[in-house]
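So the structure is just underneath, and the comments pick up after that.
The values are calculated or read from the model by the stated rules, or taken from the named source; none is laboratory data. What you see is a predicted model, and the numbers here were worked out from it, not measured in a lab. Here the Cβ positions follow ideal geometry from the backbone for every residue, glycine too, while neighbour counts run over all protein chains shown. Accessible surface is based on the protein model in full, side chains and every heavy atom, while ligands, DNA and RNA are left aside. Shrake-Rupley method; radii C 1.70, N 1.55, O 1.52, S 1.80 Å.
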Amino acid sequence: MTLAAVLGVLVGAGLGAPARFATDRWAIARFGPRYPYGTFIVNLAGSAILGALTGAVAGVEAGGGHFPVFAQNLIGTGFCGALTTFSGFSSQVLELSRKPRRRVGTAYASASVVAGLFLASAAFALFRLAS
Amino acid sequence: MPSRSRDYDLFAVVAVGGSLGALVRYSLDVLIAPERDGWPTATFVINLTGAFVLGVVLVVARVKVPDPKASTGARLFRPFVVTGLLGGYTTFSTYVIETHTLALAGRWILAVTYAVGSVVLGVVCVAAAMFVTTRILEPVPEPIAVEELAELEAEDFG
């Protein structure tokens, strides 16, 4: 738990959380409040970015190099961690599942996880090869 | 379209809350080592506790801070606590990467259990927290007199 790591987390999260907030507001203005498009977008984006970072780190370290801890914490733990949300996601799945058509909640949860995994693994593979 | 204030104060508390929440998550990441079989204990605990606290906060907000325009505190409460603290504390991206890592390592059963288990238990945590908090915060309604009941029924069908 170095100072560099802590600073990376604070700065990254200080950018990621407002980015999520702004995306939520934009999505509500654009699509209305009924479906959580904003959270869906940021959760997928964060998964892709973290996949890319993880791939880059793996590629660099496989080549004997070292990926700066500050950058990992800034982009990963900080930015992606704060850009994405699991608590909001969970409450949204619950809310969408309350209506008579339970399927919307299940569809939202499945789509988020499957698309998140797909983007993350694609980004990981791409950036590992490139590093 | 009516002109909107820039809401800089909302963004500021989101940033501060998000940073603090992320710092707590990072601290737990450092403190909680993964299980020997690779189960991502830290993120699992973080996401589920975050979901539970969100359930509590949503009910508290509904009961104690029903009108966000009532005061500055009311206006800043949800952005700071929900969007900021809890949004920064919990993470979807790390959960996805950890599932991916387990799958890459060939630990398919663990990967599916983690992925599905987190979602299911996350929803359970929010629901359970809302249920319990509602019981604690909202008093049991008083029994109403027969005359009042008749009046209410007349209104409904009138």
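Cβ-Cβ contacts under 9 Å between residues 6 or more apart (or on different chains), taken from a first residue in the stretch A:55-81 that is within 12 Å of residue A:7 (Cβ to Cβ) to a second residue that is open to solvent by less than 30 Å² (accessible area, probe 1.4 Å) and not in a helix (DSSP H, G or I), are listed as A:77/B:91.
Looking at the stretch B:1-97, the helices (runs of 4 or more DSSP H) lying wholly inside it that each contain 1 or more residues that are in contact with a Ser or Thr (Cβ under 6 Å, 6 or more places away or on another chain) sit at B:8-31, B:41-64. Looking at the stretch A:29-50, I want the residues that are under 28 Å from residue B:97 (Cα atoms) and have a partner that is modelled with pLDDT of 95 or more and of a type in the set (D, E, K, R) with Cβ atoms under 7 Å, at least 6 apart or on another chain. Which pairs are those? Here the result reads A:38/A:24; A:39/A:24; A:42/A:20, each pair linking the stretch A:29-50 to a residue that is modelled with pLDDT of 95 or more and of a type in the set (D, E, K, R). Collect the residues in the stretch B:85-108 that are small (Gly, Ala, Ser), touching a residue at least 40 places away in the same chain (Cβ under 8 Å) and open to solvent by less than 50 Å² (accessible area, probe 1.4 Å), keeping them in residue-number order. Residues satisfying the conditions are B:87, B:88.
Being in a helix (DSSP H, G or I) and either open to solvent by 40 Å² or more (accessible area, probe 1.4 Å) or among the small types (Gly, Ala, Ser) (or both) is the filter here; which residues of the stretch A:66-87 pass it? Within the stretch A:66-87, A:69, A:70, A:71, A:72, A:74, A:75, A:76, A:78, A:79, A:81, A:82, A:87 meet the criteria. Residue pairs whose Cβ atoms lie under 9 Å apart, sitting 6 or more positions apart in sequence or on different chains, and linking a residue in the stretch A:99-128 that is within 13 Å of residue A:46 (Cα to Cα) to a partner that is of a type in the set (Phe, Trp, Tyr) and not in a loop (DSSP other than H, G, I, E, B), are A:112/A:40; A:112/A:89; A:113/B:95; A:115/A:40; A:116/B:95. Within the stretch B:64-84, the set of residues being of a type outside the set (Val, Ile, Thr), under 12 Å from residue A:88 (Cβ atoms) and touching a residue at least 24 places away in the same chain (Cβ under 8 Å) comprises B:84 only.
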